[in-house]
Amino acid sequence: MHIKRRGARAMLYRSSWIPKGAAGNTHGYSTQTFVGSLAADAVSIPPELQGMLADDELKFIDAKIVQPARHAAEERRRAAQHRESDPIWRLDEAARLTAEAAICSERAVVPGSKVVAIHSALANVRTISPIQPVSPVLVKPAALISEPVRSDPLQEALVAIRTARDAVLAGRYGSAPAEGVRSTRPYKLWAEIFEAVGGTTGNSLMRALQVKGFAKTRGK
């Protein structure tokens, strides 16, 4: 048996071998007979199909469609469950909206009570490490900025990595499943990060630093 995927459906075909001479044929050949179909992300085999499939075919469909679909569904469930209680994305969104509000307040000032409410809410957020006091910074619309601010990409990358580390330890991504970890989003992102930072393809950050003499190549 083999599977052909068409859109959101998995089409099941049973292959059989026609030996030479069985029907006047001069050569042996294989034929494909359509058996049925099921959703490509089905987490169980429909009852109407079960009676049409042999035990080995049922095991084949379970391994190729049902089990991967169950793993994917479980990962989505865990992701949704984690997002429901995840404070990080809410803080990210709050920071984005607050930055926009600061820009808009250049044209329309806001009641002080609104800002006090934001500060009061943030004071109740538990953090991994103590927060250092931050002096207010006036955020101006891009149109009012006369000179570009030169940022440090390496410093920003370091901060981003440490932030990501803290988020992982804080449980933002939950725990890896017992099986199929390579298909999870955190693993795929980590593989891309690893390649981008220290990969050997020539496009990595390490390779760029080596070219400019800030990092040494192995053996030198």
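The values are calculated or read from the model by the stated rules, or taken from the named source; none is laboratory data. What you see is a predicted model; the values in this text were computed from it and never measured. Using ideal geometry, Cβ is built from the backbone for each residue, glycine included, and neighbour counts are taken over all protein chains shown. To get the accessible areas, we keep the full protein, side chains included, count just its heavy atoms, and leave off ligands, DNA and RNA. Shrake-Rupley method; radii C 1.70, N 1.55, O 1.52, S 1.80 Å.
Of the residues LEU154, LEU169, ranked by 1.4 Å probe accessible area with the largest first, the sequence reads LEU169, LEU154. Over all other residues within a Cβ to Cβ distance under 14 Å of ALA54, the charged ones net out to -2, with Lys and Arg as +1 and Asp and Glu as -1. Taking all protein chains into account, the per residue accessible area for the range 1-119 stands at 69 Å² (1.4 Å probe). Across the range 49-61, computed HN-Hα scalar couplings (Karplus, 6.51 cos²θ - 1.76 cosθ + 1.60, θ = phi - 60°) run 8, 4, x, 9, 10, 6, 4, 5, 6, 4, 5, 5, 5 Hz from first to last residue, x flagging Gly and Pro. Under a Cβ-Cβ cut-off of 15 Å, what is the net charge of the residues other than ALA191 that fall near it, where Lys and Arg count +1 and Asp and Glu count -1? Surrounding charge for ALA191 is +1.
Where does the chain land at 222 nm, in deg cm²/dmol rounded to the nearest 500, when only DSSP H runs of n ≥ 4 count, each adding -39500 (n - 2.57), divided by all residues?
So the helix-based figure for the chain works out to -14000 deg cm²/dmol.
On the principal axes of its alpha carbon atoms, the range 1-125 extends 92, 29, 19 Å, with the longest extent given first.
Scalar couplings 3J(HN,Hα) for the range 103-116, obtained by applying the Karplus form with A = 6.51, B = -1.76, C = 1.60 to θ = phi - 60°, are 5, 5, 5, 5, 9, 9, 5, 10, x, x, 4, 5, 5, 4 Hz; x denotes Gly and Pro.
As a fraction of the 1.4 Å probe accessible area of the chain, surface on carbon and sulfur atoms comes out at 59 percent. Using R0 = 25 Å, the C-beta based FRET efficiency linking THR200 and ILE161 works out to 0.80. Note on THR31/MET11: beta-carbon distance plugged into 1/(1 + (r/R0)^6) with R0 of 22 Å gives a FRET efficiency of 0.90.
Accessible surface of GLU84, taken over heavy atoms with a 1.4 Å probe and every protein chain present, rounds to 130 Å². Just how far, in whole angstrom, is the range 10-58 from the range 161-212 if you go by their alpha carbon centroids? Centre-to-centre distance over Cα atoms comes out at 42 Å. In this structure, the amide hydrogen of VAL35, modeled 1.01 Å from its nitrogen in the peptide plane, lies closer than 5 angstrom to those of LEU12, TYR13, ARG14, counting only residues at least 5 positions away or on a different chain. The angle between the Cα long axis of helix 185-198 and the longest principal axis of the Cα atoms of the chain comes to about 70 degrees, rounded to the nearest 10.
For TYR29, the amide hydrogen comes within under 5 Å of the amide hydrogens of ILE18, counting only partners 5 or more places away or on other chains and with H modelled in the peptide plane.
Straight-line cross-link partners of LYS4 among the aspartates and glutamates, defined as a Cα under 16 Å from its Cα and at least 8 positions apart when in the same chain: ASP41, GLU57, ASP62. The calculated FRET efficiency for LYS212 paired with ILE118, based on their beta-carbon distance and R0 = 35 Å, is about 0.25. Our summary of shape: the Cα atoms of the range 159-205 have principal axis extents of 33, 27, 10 Å, ordered from largest down, in whole angstrom.
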